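K.L.:
Have a look at the structure that comes next, please.
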Amino acid sequence: MPHPNDPSLRSFIDVDPASDFPIQNLPYGAFSTAANPTPRVGVAIGNYVLDLWELEQDSRLDVGPLGVFSGPLLNAFMALGPKVWSKTRARISELLRADHPELRDNEELRSRALVPMREARLHLPFAVSGYTDFYSSKEHATNVGVMFRGKDNALQPNWLHMPIAYNGRASTVVVSGTKVKRPRGQLKPPNVDVPSFGPCKRLDFELEMGVVIGQPSPMGGMLTESQAEEMIFGFVLLNDWSARDIQQWEYVPLGPFLAKAFATSISPWVVTREALEPFRLKGPEQEPVPLDYLKQAKPQNYDVELDVSLRAAGADAPANISRTNFKYMYWSSVQQLMHHASSGCAMNVGDLLGSGTISGPEKNQRGSLLEICWNGTEPVELPGGAKRSFLEDGDSLVMRGWCQGNGYRVGFGEVEGRILPAEREHSVLTVSSMGTTR
């Protein structure tokens, strides 16, 4: 059987070469339709969603206990482990191949199992057990350090020795398309003596990749490079929205808290680690050499092109404001995971690790408005004459990512969010679903 990553593979479903979802990708997500509003697990292929529950019921997929794909989340499938992940992806690839008749020639099954993407409502693809956000781009950390501490003290002494991170909030990880209300918090500009409480005035985005953990590790243990790698199920695009003015006042001495807790948006499709294998490459040279428990024997970075567009409130079209690449990350996702577990911290199925803001060496490769506008001193000019130093109400931000192969691309779709005004103080909040989008 051909490997699912074989660039010569073609599906019986017509897939545009510019599509994010060729047969070489097969990312997992959760979806529903108007006709069947109960969310279940699917795979993206071209402009369709392949309903894995329909295939499982029809005995076309055997992944273990019947019903793994009937629920709204990927956690039960991820818990089955890397061998099952690989076997299942190979079987889905076989069913979708142009030269394989099993699904191609079964009109009745095709009509049930293939859902046009335009009819699908996409949901949060997995239950987020815990969320940790790292700070692993040397370019980003240097830019921020220069802004706030000066060129001679840009990187803190610990930065080159270990992946720096903080524990975020899993409860406010939301799927692409979820609107984000401007956060409120304590604000204290440098020119005032006491803080006030009100809406954030310096709202920002952070361009990141999210690592989805598919296997647990025991409390008290440590992870080797190979163990950490095998625990990674896949990757998503991630926007860790940031309230810079709230953060500036609160972060001493324990780091970010409410400034990062109000919303983190992820893309609805989880691209598997196996699908990214052809795009693996070596990351930047690490000097000084990491301690033994963080050393890597093989390349652990990925060549993922990343793009950020901003549509200003009332504007007719978005404007590109950043173009960078995941390959620039100084600390890899595997090193982040090894470090996370090194103290004896247990990892769970469904844990999410944010890579940290991804910036490159050039000015147009900066992954946040804080950097792009250099802390508000160099506003970015947008079509129609609008300018932005930070995000305003009504602004919409879209991040995209893809790996470019020979005649195909392995893409992540997009993660989008629009900024709504802050709730009025002391207003009564109503409980509503934040977990769905089209």
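The values are calculated or read from the model by the stated rules, or taken from the named source; none is laboratory data. All figures in this text were calculated on a predicted structure; none of them were measured in a lab. Positions of Cβ are backbone-derived with ideal geometry, glycine not excepted, and every protein chain shown enters the neighbour counts. Quick note on the areas: whole protein, heavy atoms, side chains included, nothing else; ligands and nucleic acids left out. Shrake-Rupley method; radii C 1.70, N 1.55, O 1.52, S 1.80 Å.
K.L.:
If you go through segment 157-180, how many residues are open to solvent by 10 Å² or more (accessible area, probe 1.4 Å) and over 20 Å from the mean Cα position of the chain (by Cα)?
P.N.:
Total meeting the criteria: 5.
K.L.:
Let me ask something else about it. In segment 162-183, is there at least one residue being free of Cβ contacts under 8 Å to residues at least 12 places away in the same chain, among the charged types (D, E, K, R) and in contact with a helix residue (DSSP H, G or I) (Cβ under 9 Å, 6 or more places away or on another chain)?
P.N.:
No, there is no match, as no residue in segment 162-183 is free of Cβ contacts under 8 Å to residues at least 12 places away in the same chain, among the charged types (D, E, K, R) and in contact with a helix residue (DSSP H, G or I) (Cβ under 9 Å, 6 or more places away or on another chain).
K.L.:
Of R10, R97, which residue is open to solvent by less than 60 Å² (accessible area, probe 1.4 Å) and basic (K, R)?
P.N.:
R97
K.L.:
Could you identify the single residue in F205, F257, F235, F279 that is among the aromatic types (F, W, Y) and in contact with a Leu (Cβ under 6 Å, 6 or more places away or on another chain)?
P.N.:
It is F205.
K.L.:
I need a count of the residues in segment 65-83 that are free of Cβ contacts under 8 Å to residues at least 40 places away in the same chain and open to solvent by less than 40 Å² (accessible area, probe 1.4 Å).
P.N.:
Looking only at that region, the number is 4.
K.L.:
Of everything in segment 151-196, what is under 19 Å from D351 (Cβ atoms) and assigned to a helix (DSSP H, G or I)? Give them in sequence order.
P.N.:
A170, S171, T172, listed by residue number.
K.L.:
Here is a further query. So which residues in segment 121-139 are out of contact with any helix residue (DSSP H, G or I) (no Cβ under 7 Å at 6 or more places or on another chain) and of a type outside the set (A, V, I, L, M, F, W, C)?
P.N.:
Listed by number, the residues that qualify are R121, H123, P125, K138.
K.L.:
Go over the candidates Q336, Q296 one by one and state the one that is in contact (Cβ under 8 Å) with a residue 24 or more places away in the chain, among the polar types (S, T, N, Q), in contact with a Pro (Cβ under 6 Å, 6 or more places away or on another chain) and closer than 24 Å to M222 by Cα.
P.N.:
Exactly one of Q336, Q296 is in contact (Cβ under 8 Å) with a residue 24 or more places away in the chain, among the polar types (S, T, N, Q), in contact with a Pro (Cβ under 6 Å, 6 or more places away or on another chain) and closer than 24 Å to M222 by Cα, namely Q336.
K.L.:
Tell me which residues, restricted to segment 341-368, are open to solvent by 10 Å² or more (accessible area, probe 1.4 Å), touching a Phe, Trp or Tyr at 6+ places or on another chain (Cβ under 9 Å) and not charged (D, E, K, R).
P.N.:
Selection gives S342, V349, P361, Q365.
K.L.:
Going residue by residue through segment 136-150, is there one that turns out to be without any contact (Cβ under 8 Å) to a residue 12 or more places away in the chain, open to solvent by 40 Å² or more (accessible area, probe 1.4 Å), touching a Lys or Arg at 6+ places or on another chain (Cβ under 8 Å) and outside any loop (DSSP other than H, G, I, E, B)?
P.N.:
no
K.L.:
Oh, and also: How about segment 190-205: which of its residues are open to solvent by 10 Å² or more (accessible area, probe 1.4 Å) and either in contact with a helix residue (DSSP H, G or I) (Cβ under 8 Å, 6 or more places away or on another chain) or under 22 Å from E305 (Cα atoms) (or both)?
P.N.:
Scanning segment 190-205 gives P195, K201, R202.
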